[in-house]
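The values are calculated or read from the model by the stated rules, or taken from the named source; none is laboratory data. None of these values were measured; they are calculated from a predicted model. A quick note on method: Cβ atoms are made from the backbone with ideal geometry, for glycine too, and the neighbour counts reach across all protein chains shown. Areas reflect the complete protein model, heavy atoms only, side chains present, ligands, DNA and RNA absent. Shrake-Rupley method; radii C 1.70, N 1.55, O 1.52, S 1.80 Å.
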Amino acid sequence: MAKLKFHGQSTFTVEMDDGTRLAIDPFFDDNPVSDVKRAEVGAVDYILCTHGHFDHFADAIPLARETGATLISTFEIVSFAETQGIGNGHPLHIGGGYSFPFGRVKMTAALHGGQVHGDTTGQFTTVPGGFLMHLDGKRIYHAGDTALLLDMQLLRGKVDVAILPIGDNFTMGPEDAAEAVGFIEPEIVIPVHYNTWPLIAQDPEHFRDLVGDRAEVRVMEPGDVFAP
């Protein structure tokens, strides 16, 4: 059973039954609420990045360089990583999926910005996305940063655990995220991308109230581990 460990903002590490370790949207060293620094993360085999903003990507290239992990993201982000000396990369794009040794990953649509942190030229600007992952028999959807999308209705019946932003200002707020739960109909929803800075302060219990009986809301603090 895949074990998801939350590190604040939208960052997770995942440990699979066979020992494979993933990092999703790695943001450790400059993350004011993270429970660990990058040096404490340990070995990872794959790094998944929904988009290139610093709070989802800042530690991706250093972590890939230090561990030899394969970076999974959009074609543009993987191409940028190659210019930074990262040799292990697997490009995906919206609507496309691939079966990796650890499970299948499909990249889903998101509505957000596409700047890539560290790219001073702008040539690698890309579209943002999310990931629908099949991990140890569970279907886990990490939405990345996004507004509410009608496309989320296409995920109905395909998601066991949904990881959704609720911070407002830059992404969906609690009300729209609760609507997303209605679109997707997951068993469990984990709110993320809130309370990292005052600008995205939210009460997750308010989100729980808005979701009601449509799903189980699992509020995680940095350092918490959840095995769906």
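Between region 1-76 and region 131-178, what is the C-alpha centre distance in whole Å?
Answer, in whole Å: 18.
Once fully extended, how much extra length lies between A227 and V127, figured as 0.36 nm per residue of separation less the alpha-carbon to alpha-carbon distance?
Value of the extension gain: 33.0 nm.
Just to be sure I understand: with springs between alpha-carbon atoms less than 10 Å apart, which residue in R156, R139, R21 has the highest mean-square fluctuation in the Gaussian network model of the chain?
Between R156, R139, R21, it is R156 that shows the largest mean-square fluctuation.
With each pseudo-label sitting 7 Å past Cα toward Cβ, what's the T120-D209 distance in nm, one decimal?
Here the answer is 4.9 nm between the modelled labels.
Can you give the FRET efficiency for E40 and F75, using 1/(1 + (r/R0)^6), R0 = 30 Å, r = Cβ-Cβ distance, to the nearest 0.05?
On the way: r = 31 Å, r/R0 = 1.04.
FRET efficiency, E40 to F75: 0.45.
Going by a ≥ b ≥ c, the root eigenvalues of the Cα gyration tensor, does region 47-154 fall in the rounded group (a/c under 1.5), the prolate group (a/b larger than b/c) or the oblate group?
Oblate shape, in that a/c is at least 1.5 and b/c is the bigger or equal ratio.
Can you tell me which of F100, F131, F80 moves the most in a GNM of the chain? Springs connect C-alpha atoms under 10 Å apart.
F100
Once Lys and Arg get +1 and Asp and Glu get -1 on their Cβ, which of N169, L132, A143 lies farthest toward the positive end of the dipole of region 99-204?
So the residue we want is L132.
Quick check on packing: order 109-115, 82-88 by the mean number of other C-beta atoms within 10 Å, highest mean leading.
Working: 109-115: 18.0, 82-88: 14.0.
Ranking, from highest mean packing down: 109-115, 82-88.
Just for region 42-172, what percent of DSSP beta bridges are antiparallel, to the closest 5? Don't skip to the answer; put the middle values down first.
Numbers: 14 of 24 bridges.
Around 60 percent antiparallel, to the nearest 5.
Y98 to K158: extension gain in nm, 0.36 nm per residue of separation minus the Cα-Cα distance?
Working: separation 60, 0.36 × 60 = 21.60 nm, distance 1.64 nm.
Roughly 20.0 nm would be gained on extension.
Given (i) 10.8; (ii) 14.9; (iii) 11.8, which label gives mean projected area of the Cα convex hull in nm² as computed from the coordinates?
(i)
How big is the antiparallel share of DSSP beta bridges in the chain, given as a percent to the nearest 5?
For the chain, the DSSP antiparallel bridge percentage is about 55.
L111 label point, 7 Å along Cα→Cβ, cut-off 18 Å on backbone N: hits in region 154-173?
Flagged as within label range: 154-156, 164-173.
Would you mind telling me the share, in percent, of accessible area of region 34-181 contributed by carbon and sulfur at probe 1.4 angstrom? Provide the component values of the computation, followed by the final result.
On the way: 2940 of 5910 Å².
Reported share for carbon and sulfur atoms: 50 percent.
Of the lysine pairs in the chain, how many meet both conditions: Cα atoms under 16 Å apart, and a spacing of 8 or more in sequence or different chains?
So the count works out to 6.
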